[in-house]
Structures are given as C-alpha cells and as structure tokens.
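The values are calculated or read from the model by the stated rules, or taken from the named source; none is laboratory data. Quick caveat: nothing in here was measured; it's all calculated off a predicted structure. Glycine gets a Cβ as well: all are built from the backbone with ideal geometry, and neighbour counts include every protein chain shown.
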Amino acid sequence: MAKPAEFEKLPFIIAGGGLVGLCCAINLRRAGHEVVLIDPGDIKRAASYGNNGQFAVGDIVPLAVPGIVLKVPGYLLDPLGPLAIRWRDLPRLVPWLLRFTAESRRERMEAISAGLAAMCNLIHFDYEPMLKAAAAEHLLDHTECIKLFETREQFDLEERKYGHLRERAGAQYELLDDKALHALEPEIAPQFRFGAIMKGRKFIRNLAKLIDAFAELLRREGGSVVAGEVADFERADGKVVAVRLNDGRRLPAAGVVVAAGAWSKRLCAMLGDKVPLECERGYHVMLPRGGIKLGRSLTIPSRGFGIVPMEEGIRLAGTVELARLDSPPNFERADRLIANARVILPNLKYDGAERWMGNRPSLPDSLPVIDRASRVSNVYYAFGHGHRGVSFAPTTGRLLAGLVAGRPSNFDMRPYRLNRL
Ligand SMILES: Cc1cc2nc3c(=O)[nH]c(=O)nc-3n(C[C@H](O)[C@H](O)[C@H](O)COP(=O)(O)OP(=O)(O)OC[C@H]3O[C@@H](n4cnc5c(N)ncnc54)[C@H](O)[C@@H]3O)c2cc1C
C-alpha cells in the first residue's frame, strides 16, 4: 500500500528518550514512518536509568488500595518512610491526592488491577523480540525475584488481601521456608524466615546499556536521535505542523508522540490537555563493591524497596516520595535504603556507594496513558507508567504504533485512555 505523501517527507517526532519513547520510536519506524527522537541526552535524568530493572510480572496491585487514605497523615509525618509526601509540595499535590483517594475504592482497584494485568501478561511476549533485535538478550538476567518476609504470617496477610487479584492475573509463586530460603541465599539475615519466588519476574542487569542498545537499534533501522528539548508546538488546522526545541531549532513534523515521562504534563498542557501527572520519586544506592554473592534479586514489601545484583554492582532501589518535579532530592532517603539493607544483608559493603534520585511518572490510578491527544489530531501520548515503565515499554510502543496506524485490535485499550482522567 502506498504511504500518504506527508509521511514520505516529514518525520514523527518523539519527545522523550527513556525506554517508553525509544520503544514508541522503534515501533513507528517499523511501521514505515520517518522518526526523529528528541531527548536532552542526560541519561541519568531518566527514570529508565536508575530503577530496579524488574519485569513486573504479577505486579497487579495499584498504589491506591482501600484504606490507604487513612495512612496519608503518617506519610506526611515520616519523610524517610517507605512512602512519604513532601509537606511543602502538598498544595500542589492535593488534586492528585484527591483523585488517588477516589481510585482506592475496591471496585476501582479491581478494575485498575485488570488493566495492569493485561499489560503485565505481555511483558515477555513483547520484550523478547526487542532484546533479540537489539542484540541485547544478554542484558536480561533469567533468575527470578524473591519476595522476602520475616514470617510466613506476613506473606499470608498480604495474600489474603490481594491474592485473588494475582491469581486472576495468573501470577505464580514458589514458596521457600526458612531452610530453603537460606540454602538458596545464605547472605540473607536469619530474621527473614520466609520467601516467595515470583515466577517470571526477571530483571535487566544494566539499564544504561539497554537504553543505548534500543537507541542503536532505532538508528540502525533508519530513525534518528537528536539531542535537545521540546519547548513548543506550532499548530495549524488542528494539527501540529512543527516542533520547536529550546535552542530555537524548528523541526517540521508529520506527527508527535509525547513520551517524556514525568515531564509530559507540561507538554500535554501546551497541547490543550490537563493531566493529573505527578512524580513518585524513587532513590537508589549503587554498591560497586558489595562484597557478597547474591544469586537473585530481592523485594522487601515491608520496607518498600528492592536489592538487585546488577552488572555494575548491587543496587538498592525503591521507595516512594510524592514531590514536585523540581523539588531538590532528599538523599537521606537513599541513606535509609542503606540502613534497611544492613538489616537484610549484614555482610554487604558500602564503599564507593553512589546515590541517585529519579521521577516515576505517576497518574493517580497507576495506569499509563496510551492514546491520542484530545485537541490535536496528529499527536499521541505514551506516559504515566509509574512503577512499571521498564516492563511496559515494549508493549506500549507496539500498541501506540497500532493506534497511529488505526489498526483494528481486540486488545482492550480503554483502561489507558486519556478521557478516564
Ligand atoms: C527507584 C525506581 C525503581 C523502579 N523500578 C522499576 C522496576 O523494577 N520495573 C519497572 O518496570 N519499572 C520500574 N520503575 C519505573 C520506571 O523506571 C519508569 O516507569 C520508566 O522508566 C518511565 O520511562 P519513561 O520513558 O516514561 O520516562 P523516563 O525514563 O523518565 O524518560 C523521559 C525522558 O524524557 C526526557 N525529556 C524530558 N522533557 C523533555 C522534553 N521537553 N523534550 C524531550 N525530552 C524530554 C527526559 O530527560 C528523559 O530522558 C522504577 C522507577 C524508580 C524511580
């Protein structure tokens, strides 16, 4: 089929070069579009760089769960807790928190969980061909994550609340009693006496290399990556006709994808869409010389973080801090990760530790937006992936390219529509 003439000449411009933007760009290129991806090029700014790298298989419980609203005062009072809200950012966060509260009703939580499950179930299906095409299969560590508890009762308590949702989504565990857990991971402190291996929950062992490999794949397939920051859109007849960068460059465009993670809100506002996107910040501490052998990644629900044996060292990463995009980091939160890790892995070494903060792009219902813009016909959105953006990036790219092509699909896109917000 002949391509429309405009696509022969002008590119689709993708704003944002994290994993979501890259996967959108690769899929659009494969659909026959000219593609230019714009990103400032500071890889450490992207959430895609510093996260846990885990495939969120079975991770179908949203942040807003029944009863969470009663915990909000505690989140405000303990700035170092697993979930914290910055006091001084509270006025700005109120609209997000109100929506978040509404999403925590049981019926909403169950519906949201189904939307998360649909994407979680596609993680391996969409990742494997992308890793192969990018010659990056070696970056996927095939060991599966252990969810760690002090007692069997803690695990049972969590399962009583959410086990039915996980079961519905096909999530599977292999349970480890005290003996089996310590036989598998002898470095874990004796007070942790129960574990559950989360089947399919593998991880990416070097996210910077994955970002580079996907950018290289895009270039090899004929797309380009341009260093810059999208600053404005030029519109005519209900379409974006060009994108302006902050250094004044003007790039004519056939279409635009906003995939700028936590920075997408401002771009959407320029395009006439007000979205309740805020940052759930996370921190990491990278330990290049951890000095212990850890065979698998760990996630510790009671402390809200994970421990991952990555290529460059052991990474402690996680927790949630609701704050404005431009608020300075609170690295005491990273130090708290160290204090928590000492309890779990007493022999871990901390010399050469590096601390990092990143912004999870977060919508109140924990679901991303994968949709068209409401007021401009040739603009598409792919943002708001919260805690699961590494995992959902390849599926998002494929679904977005399908939307652009107007391809009929029996995959239910309603949970990810803009007009739900
Ligand atoms: C501590 C932590 C742990 C996590 N663990 C996991 C995990 O185990 N598994 C998982 O699936 N997810 C995890 N996540 C979530 C995941 O990291 C994010 O959901 C995901 O990286 C979001 O990707 P993105 O491409 O949308 O945004 P980003 O990676 O943030 O990329 C956005 C890019 O857009 C650029 N940009 C900003 N403004 C503009 C502009 N105007 N023009 C052009 N470019 C612009 C930015 O510089 C950035 O490079 C974690 C996050 C954190 C913080």
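Can you give me the number of residues within the range 37-85 that are of a type in the set (Phe, Trp, Tyr), within 14 Å of the ligand (Cβ to nearest atom) and either closer than 19 Å to Asn340 by Cβ or surrounded by 21 or more Cβ atoms within 10 Å (Cβ to Cβ) (or both)?
1
Out of all the residues in the range 94-114, which are within 24 Å of Glu332 (Cβ to Cβ) and either surrounded by fewer than 16 Cβ atoms within 10 Å (Cβ to Cβ) or in contact with an Asp or Glu (Cβ under 6 Å, 6 or more places away or on another chain) (or both)?
Trp96
Report yes if some residue within the range 341-348 is assigned by TED's automatic domain parsing to the domain that holds His182 and within 15 Å of the ligand (Cβ to nearest atom); otherwise report no.
Within the range 341-348, one or more residues are assigned by TED's automatic domain parsing to the domain that holds His182 and within 15 Å of the ligand (Cβ to nearest atom).
Condition first: of a type in the set (A, V, I, L, M) and free of Cβ contacts under 8 Å to residues at least 60 places away in the same chain. Can you find one or more residues in the range 141-164 that meet it?
yes
Out of (1) of a type in the set (A, V, I, L, M); (2) more than 22 Å from Glu103 (Cα to Cα); (3) surrounded by 19 or more Cβ atoms within 10 Å (Cβ to Cβ), what's the single condition that is false for Leu367?
For Leu367, the exception is condition (2).
Any residue at all in the range 212-233 that is of a type in the set (Val, Ile, Thr), touching a helix residue (DSSP H, G or I) at 6+ places or on another chain (Cβ under 8 Å), surrounded by 15 or more Cβ atoms within 10 Å (Cβ to Cβ) and in the same structural domain as Ser377 (by TED's automatic domain parsing)? Even if it seems obvious, please write down each step before you answer.
Going through the range 212-233, the residues of a type in the set (Val, Ile, Thr) turn out to be 225-226, 230.
Those still in the list that are touching a helix residue (DSSP H, G or I) at 6+ places or on another chain (Cβ under 8 Å) too: 225, 230.
Narrowing the set further to residues that are surrounded by 15 or more Cβ atoms within 10 Å (Cβ to Cβ) leaves 225, 230.
Applying the additional criterion that residues be in the same structural domain as Ser377 (by TED's automatic domain parsing) yields 225, 230.
Yes; the residues of the range 212-233 include at least one that is of a type in the set (Val, Ile, Thr), touching a helix residue (DSSP H, G or I) at 6+ places or on another chain (Cβ under 8 Å), surrounded by 15 or more Cβ atoms within 10 Å (Cβ to Cβ) and in the same structural domain as Ser377 (by TED's automatic domain parsing).
Do you know which residues across the range 252-297 are surrounded by fewer than 23 Cβ atoms within 10 Å (Cβ to Cβ), closer than 23 Å to Trp356 by Cβ and more than 12 Å from the ligand (Cβ to nearest atom)?
Result: Pro288, Arg289, Gly291, Ile292, Leu294, Arg296.
Quick check on the range 266-279: of everything there that is touching a residue at least 24 places away in the same chain (Cβ under 8 Å) and closer than 18 Å to Pro91 by Cβ, which residue is nearest to the chain's Cα centre (by Cα)?
Within the range 266-279, the subset touching a residue at least 24 places away in the same chain (Cβ under 8 Å) is 267-268, 270-273, 275-279.
Filter once more, keeping what is closer than 18 Å to Pro91 by Cβ: 276-279.
Working: Pro276: 17, Leu277: 13, Glu278: 13, Cys279: 11 Å.
It comes out as Cys279.
Within the range 46-73, how many residues turn out to be assigned to a helix (DSSP H, G or I) and in contact (Cβ under 8 Å) with a residue 24 or more places away in the chain?
Residues meeting the conditions: 7.
Has the range 352-359 got at least one residue that is buried (at least 17 other Cβ atoms within 10 Å of the Cβ), in contact with a Pro (Cβ under 9 Å, 6 or more places away or on another chain) and among the basic types (Lys, Arg)?
Yes - at least one qualifying residue is present in the range 352-359.
Output the number of the condition that Val343 fails; it satisfies all remaining conditions of (1) in a helix (DSSP H, G or I); (2) in contact (Cβ under 8 Å) with a residue 40 or more places away in the chain; (3) within 23 Å of the chain's Cα centre (by Cα).
(3)
Out of Gly295, Gly291, I need the residue that is among the small types (Gly, Ala, Ser), closer than 20 Å to Lys147 by Cα and either modelled with pLDDT under 95 or part of a loop (DSSP other than H, G, I, E, B) (or both). Which one? Outline the logic, then answer.
On the way: Gly291 fails: closer than 20 Å to Lys147 by Cα.
Within the list Gly295, Gly291, the selection yields Gly295.
Filter the helices (runs of 4 or more DSSP H) completely within the range 149-253 down to those with at least 1 residues that are under 23 Å from Glu311 (Cβ atoms) and at pLDDT 95 or above.
Once the helices (runs of 4 or more DSSP H) in the range 149-253 are filtered for at least 1 residues that are under 23 Å from Glu311 (Cβ atoms) and at pLDDT 95 or above, what remains is 178-184, 207-220.
Kindly indicate whether any position in the range 385-398 is in contact with a strand residue (DSSP E or B) (Cβ under 8 Å, 6 or more places away or on another chain), away from the ligand (no atom under 13 Å from the Cβ) and outside any loop (DSSP other than H, G, I, E, B).
Within the range 385-398, none of the residues are in contact with a strand residue (DSSP E or B) (Cβ under 8 Å, 6 or more places away or on another chain), away from the ligand (no atom under 13 Å from the Cβ) and outside any loop (DSSP other than H, G, I, E, B).
Working carefully through the options Phe125, Phe149, find the one that is buried (at least 17 other Cβ atoms within 10 Å of the Cβ), outside the structural domain of Arg219 (by TED's automatic domain parsing) and not acidic (Asp, Glu).
Phe149
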